[in-house]
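Before any comments, here is the structure.
The values are calculated or read from the model by the stated rules, or taken from the named source; none is laboratory data. Keep in mind that this is a model prediction, so the values were computed, not measured. Neighbour counts are summed over all protein chains in view; Cβ atoms, including those assigned to glycine, are modelled from backbone coordinates with ideal geometry.
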């Protein structure tokens, strides 16, 4: 008896017209794995990932690929290239196309691209309960760098004394980038510039000096600051947080306790993973779902 032939999986660049099918796959994949472990889906409905992937597939600063098998789309992966560190996500595989090596091929395409582009490192955020993705990323050379707690809610404290929070403006970019280089060893100026123009970025000042910023206080936003007080001021300034919530480094116990004591709740545990350059941050910070 001849062995059963596995369907061929091919990887190609994503096109804007792929967004509808890939967004539906993304929603189904997240819905099923999260529900299986008792967690809410990261997306409220299929329209959200379709819109997200439509935007990413059309962005020249984001490298996106899709997987095809048997004449149909079975997955996609995106990688943000706006920094010297590249951020991967979302990566999703059709639940009906498991065990074909789709996820590995999508990841390998991104890692090959990062190497060809000379990225200093690659990072991603992984759902801590998802054993399958954790095993894949570990086999591909990623290391866990930080356990994270995804938090959502309405802060009870609305203002931190001595801190002023305001919308970020283009002239703030240099100070924010310098702060990021002090804390992380690199800046995310491309991402922050886009956020400033999009109207989601914030800065916090103490004594008239910028001591922290956020590209947005949301699942896809990151924040960098000198101290926890600066992050607390940024968090307290918002009524709620976009998407599933903020990602707070769990080892920053003081900040996590402050958040929990101010009305936020844990939605799910996650892990920041990296391959390549990683400097232990020398300040306070919140990663995005990318890193």
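So here's what we get for this one:
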| quantity | calculated |
| --- | --- |
| Matching residues, the range 273-285, being in contact (Cβ under 8 Å) with a residue 24 or more places away in the chain and under 24 Å from residue 203 (Cα atoms) | 279, 281, 282, 283, 284, 285 |
| Residue among 271, 262 that is closer than 24 Å to residue 84 by Cβ and either touching a strand residue (DSSP E or B) at 6+ places or on another chain (Cβ under 6 Å) or surrounded by fewer than 23 Cβ atoms within 10 Å (Cβ to Cβ) (or both) | 271 |
| Candidate set: the range 3-23, residues that are crowded, with 18+ Cβ neighbours inside 10 Å and out of contact with any strand residue (DSSP E or B) (no Cβ under 8 Å at 6 or more places or on another chain); chosen: the one nearest to residue 129 (Cα to Cα) | 23 |
| Failed criterion for residue 267 (all others in (1) touching a helix residue (DSSP H, G or I) at 6+ places or on another chain (Cβ under 7 Å); (2) not in a loop (DSSP other than H, G, I, E, B) hold) | (1) |
| Tally of residues being out of contact with any strand residue (DSSP E or B) (no Cβ under 6 Å at 6 or more places or on another chain), under 26 Å from residue 177 (Cα atoms) and free of Cβ contacts under 8 Å to residues at least 40 places away in the same chain across the range 53-80 | 3 |
| Residue check, residue 184 in contact with a strand residue (DSSP E or B) (Cβ under 9 Å, 6 or more places away or on another chain) and surrounded by fewer than 16 Cβ atoms within 10 Å (Cβ to Cβ) | no |
| Meets criteria (free of Cβ contacts under 8 Å to residues at least 12 places away in the same chain, assigned by TED's automatic domain parsing to the domain that holds residue 164 and under 18 Å from residue 166 (Cβ atoms)) for residue 208 | yes |
| Check on residue 47, farther than 20 Å from residue 192 by Cβ and either outside the structural domain of residue 20 (by TED's automatic domain parsing) or loosely packed, with under 15 Cβ neighbours inside 10 Å (or both) | yes |
| Residue selected from the range 116-148 under the condition in a helix (DSSP H, G or I) and touching a strand residue (DSSP E or B) at 6+ places or on another chain (Cβ under 9 Å), by the criterion nearest to residue 256 (Cα to Cα) | 134 |
| Filter result for residue 29 (in contact with a helix residue (DSSP H, G or I) (Cβ under 7 Å, 6 or more places away or on another chain), at pLDDT below 95 and under 24 Å from residue 241 (Cα atoms)) | yes |
| Criterion: surrounded by fewer than 18 Cβ atoms within 10 Å (Cβ to Cβ) and at pLDDT 95 or above - qualifying residue of 195, 223, 175 | 175 |
| Condition check for residue 95: farther than 20 Å from residue 134 by Cα, surrounded by fewer than 17 Cβ atoms within 10 Å (Cβ to Cβ) and in contact (Cβ under 8 Å) with a residue 12 or more places away in the chain | no |
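The rows are residues; the columns are (1) crowded, with 24+ Cβ neighbours inside 10 Å; (2) assigned by TED's automatic domain parsing to the domain that holds residue 189; (3) modelled with pLDDT of 95 or more.
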position: 71; (1), (2), (3): no, no, no
position: 75; (1), (2), (3): yes, no, yes
position: 108; (1), (2), (3): no, no, yes
position: 112; (1), (2), (3): no, no, yes
